[in-house]
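Here's the structure, in structure tokens; my notes come after.
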Amino acid sequence: MIELKHMCKTYKTSSRDIVALDDINLKIEDGDIFGIIGLSGAGKSTLVRCINLLEKPTSGDVIIDGKNITALKKKELLKLRESIGMIFQGFNLLEQRNVLKNVCFPMEIAGVNKKEARERAKELLKIVSLSDRAESYPSQLSGGQKQRVAIARALAMKPKYLLCDEATSALDPTTTRSILELLKEINQKMGVTIVVITHEMKVIDQICDRVAVIDNSRIAEEGKVSDVFAKPKSSIARELIIPHDRAVFDTKGGRKLRLTFNNQYSNRPVISDMVLECQAPVNILFADTREFEGAIYGHMIIELPNDSRQEEKIISWLKESHIQWREED
């Protein structure tokens with residue numbers, strides 16, 4: 001288990017102190033795929049780099065498997081890092097080495113027997129479906145293939161944990177899906193705990209079990225992905241789930257309501273029922289549906305008519321029907 005206790009990170013400059021992380025408290029259970037999501041500059045990349053002490057926290061504790069790693073000596077820390085793999089947005093492959101030798105690289109540093117390292121590398125390339133590109137060089141690979149090599153390399157030392165820092169941000173949607181499916185397969189078949197850093201909700205809802213939302217260097221909320229999606233408590237979570245597009249809100253109708261549907265209502269024609277029952281038109285400004293653990297959840301933003309009586313009828317109907325809703329600014 002990874003546990004962060006009251007972790008802070010401050011960068012000192014000549015003019016002022018910059019707080020990157022402020023009192024971070026998180027628990028990441030073994031076997032989880034845990035997502036950390038936030039906008040650019042929120043502190044998420046600093047957070048993940050503090051987990052393996054690529055960035056040393058200014059204060060607080062990083063506890064891995066019951067051991068406070070912030071107190072480890074350099075040699076002990078280097079040994080512990082073998083159990084924590086990491087992949088990056090930019091792949092970070094060695095251009096002068098072919099694919100096989102890139103995967104072998106961390107094993108060479110750790111002093112693994114050359115023959116054993118090559119066999120392990122070949123095994124990993126098979127797992128990431130790149131056995132036929134072992135002799136290719138990074139310049140001959142697509143972005144998705146490069147990331148698969150990076151994943152294989154990160155798994156070379158048989159880590160217990162895998163940290164993914166914006167690992168799919170440079171990839172197209174189709175390639176992103178295939179990389180996320182690969183990570184999910186690694187988690188299920190190899191038992192590797194995965195921490196995913198991203199600014200995209202679609203990455204979180206595709207593979208994560210739990211998610212923490214970070215905003216302005218602090219954790220805004222944390223919980224099961226389905227709970228955060230269905231009932232976002234913080235404004236930043238709502239913005240990440242439904243990006244704040246002014247074109248959606250700059251209309252001349254009445255009040256805007258956000259409706260939230262859980263599995264109970266996802267297959268029910270709620271809007272049709274509401275319009276027929278209330279005899280009032282509504283304008284659908286936004287709608288999105290996701291599946292979590294076999295259940296369907298959704299959000300919808302509707303615009304009410306500019307008529308106070310029709311407006312009251314719709315709101316009364318929503319309350320009587322137990323539809324979750326809140327007013328949008």
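The values are calculated or read from the model by the stated rules, or taken from the named source; none is laboratory data. For clarity, every value in this text was computed on a predicted model and none was experimentally measured. Heads up, the Cβs are rebuilt from the backbone with ideal geometry, glycines too, and the neighbour counts pull from every protein chain shown. SASA here: full protein model, heavy atoms, side chains in, ligands and nucleic acids out. Shrake-Rupley method; radii C 1.70, N 1.55, O 1.52, S 1.80 Å.
Some notes on this structure:
- Of all residues assigned to region 103-123, none qualifies as being of a type outside the set (K, R), at pLDDT below 95, closer than 30 Å to A20 by Cβ and under 20 Å from the mean Cα position of the chain (by Cα).
- Residues being under 19 Å from G254 (Cα atoms) and modelled with pLDDT under 85 - total across region 264-298: 2
- Scanning region 178-205 for residues that are out of contact with any strand residue (DSSP E or B) (no Cβ under 7 Å at 6 or more places or on another chain) and within 17 Å of Q89 (Cβ to Cβ) gives S178, I179, L180, L182, E200, K202.
- Test: residue in region 150-167 that is under 19 Å from I197 (Cα atoms), in a helix (DSSP H, G or I) and open to solvent by 10 Å² or more (accessible area, probe 1.4 Å): yes
- Total residues in region 293-317 satisfying the condition of being surrounded by fewer than 18 Cβ atoms within 10 Å (Cβ to Cβ) and under 36 Å from the mean Cα position of the chain (by Cα): the figure is 5.
- Any chance N25 is touching a Phe, Trp or Tyr at 6+ places or on another chain (Cβ under 9 Å) and either surrounded by fewer than 19 Cβ atoms within 10 Å (Cβ to Cβ) or in contact (Cβ under 8 Å) with a residue 24 or more places away in the chain (or both): no
- Helices (runs of 4 or more DSSP H) within region 44-115 that include 3 or more residues of a type in the set (K, R) and open to solvent by 30 Å² or more (accessible area, probe 1.4 Å): 74-81
- Residues within region 26-41 that are under 19 Å from I241 (Cβ atoms) and in contact with a helix residue (DSSP H, G or I) (Cβ under 8 Å, 6 or more places away or on another chain), tallied: 6
- Single residue of region 168-204 satisfying the filter (aliphatic (A, V, I, L, M) and part of a loop (DSSP other than H, G, I, E, B)) that is least open to solvent (accessible area, probe 1.4 Å): V192
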